[in-house]
1. Quick one: how many residues across segment 198-212 are farther than 19 Å from residue 224 by Cβ, touching a residue at least 40 places away in the same chain (Cβ under 8 Å) and part of a loop (DSSP other than H, G, I, E, B)?
2. Within segment 160-171, identify whether any single residue is over 23 Å from residue 17 (Cβ atoms) and free of Cβ contacts under 8 Å to residues at least 12 places away in the same chain, and answer yes or no.
3. Out of the residues in segment 154-177 that are buried (at least 17 other Cβ atoms within 10 Å of the Cβ) and not in a loop (DSSP other than H, G, I, E, B), state the one that is modelled with the lowest pLDDT.
4. Does residue 227 meet the test of being in a loop (DSSP other than H, G, I, E, B) and without any contact (Cβ under 8 Å) to a residue 60 or more places away in the chain?
5. Would you please list the contacts, defined by Cβ atoms under 6 Å and residues six or more apart or on different chains, that run from a residue in segment 112-125 that is assigned by TED's automatic domain parsing to the domain that holds residue 52 and without any contact (Cβ under 8 Å) to a residue 12 or more places away in the chain to a residue that is part of a loop (DSSP other than H, G, I, E, B) and buried (at least 23 other Cβ atoms within 10 Å of the Cβ)?
6. Kindly check whether there is at least one residue in segment 241-248 that is modelled with pLDDT of 90 or more, within 20 Å of residue 228 (Cβ to Cβ) and in a helix (DSSP H, G or I).
7. Of all residues being crowded, with 16+ Cβ neighbours inside 10 Å and out of contact with any helix residue (DSSP H, G or I) (no Cβ under 7 Å at 6 or more places or on another chain) in segment 186-197, which is farthest from residue 226 (Cα to Cα)? Just the residue, please.
8. List every residue pair whose Cβ atoms lie under 8 Å apart, where the two residues are 6 or more positions apart in sequence or sit on different chains, the first residue falls within segment 57-71 and is loosely packed, with under 14 Cβ neighbours inside 10 Å, and the second residue, located anywhere, is in a loop (DSSP other than H, G, I, E, B).
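The values are calculated or read from the model by the stated rules, or taken from the named source; none is laboratory data. All of these numbers come straight from a predicted model, not from anything done at the bench. Cβ coordinates were reconstructed from backbone atoms using ideal geometry, including for glycine residues, and neighbour counts include every protein chain displayed.
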């Protein structure tokens with residue numbers, strides 16, 4: 001099996017349940033050697049996609065975690081000043097003077113994630129995570145890397161990629177990205193998974209959990225996401241919750257709302273969210289589950305994801 005269908009199957013084997021649209025976009029990005037910008041709320045599986053892609057392709061994953069104040073030395077390269085200073089002192093004891101060109105040779109260059117990905121002996125996957133946390137000045141520098149697959153080091157010249165990496169950029173939308181960056185990328189909006197797809201994700205990740213527990217837990221989380229929350233639980237929180245309930249020995253979601261409330265630390269991550277969901281609110285969400293059952297709303301099997 002080749003093409004986007006083959007990639008989707010390999011991602012599945014790597015533990016990531018991708019829908020057809022996502023698999024197609026990821027495959028096109030690889031075929032066109034274009035970066036893929038993935039936007040979506042925190043917790044929908046953007047970073048996990050890069051991890052799964054690296055496993056599916058059998059490639060090394062190089063990750064650049066973006067943050068405010070990210071600069072060239074942290075993202076691309078910096079000179080090993082300690083070794084340069086040591087070389088100067090060693091030459092002071094000899095008759096031969098040290099040359100500036102010797103001090104700025106490639107051996108003294110410390111590679112950071114961007115240069116590591118371009119210098120890799122084998123094709124790799126480069127994850128530029130949460131690009132929206134970096135500032136516009138870093139975006140401007142990144143344009144050269146993504147457009148020409150090269151980095152200019154003033155003391156050495158232009159360093160070109162040995163192999164074009166598969167690049168994924170993720171963004172949580174905390175600030176608007178530049179048009180220039182968007183033009184260089186393919187784009188995909190990654191939303192929270194559907195009920196059937198999230199059930200498939202949990203089943204693939206936690207195969208030991210009972211089917212009833214998985215289906216009821218995911219349905220509960222799906223209803224919880226419709227509430228007015230400060231931080232909506234993502235797939236990672238769903239997995240944590242099912243893992244916790246399974247560890248507690250539950251074959252299904254507990255009927256007692258008081259008992260269920262004690263496990264919501266896995267799902268609710270702010271003080272306001274936690275205190276608005278006492279036993280009464282939890283009971284209301286649980287009653288929504290019972291209404292679905294009586295109305296005959298069936299859960300699609302995992303194969304329908």
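1. Total satisfying the criteria: 1.
2. So far as segment 160-171 goes, no, none of its residues is over 23 Å from residue 17 (Cβ atoms) and free of Cβ contacts under 8 Å to residues at least 12 places away in the same chain.
3. 159
4. So residue 227 fits the description; yes.
5. Filtered contacts from segment 112-125: no entries.
6. Within segment 241-248 (the criterion being modelled with pLDDT of 90 or more, within 20 Å of residue 228 (Cβ to Cβ) and in a helix (DSSP H, G or I)), the answer is yes, since at least one residue qualifies.
7. 197
8. Once the first residue is loosely packed, with under 14 Cβ neighbours inside 10 Å and sits in segment 57-71, its partners that are in a loop (DSSP other than H, G, I, E, B) give 67/130; 67/134; 68/134; 68/135; 69/135.
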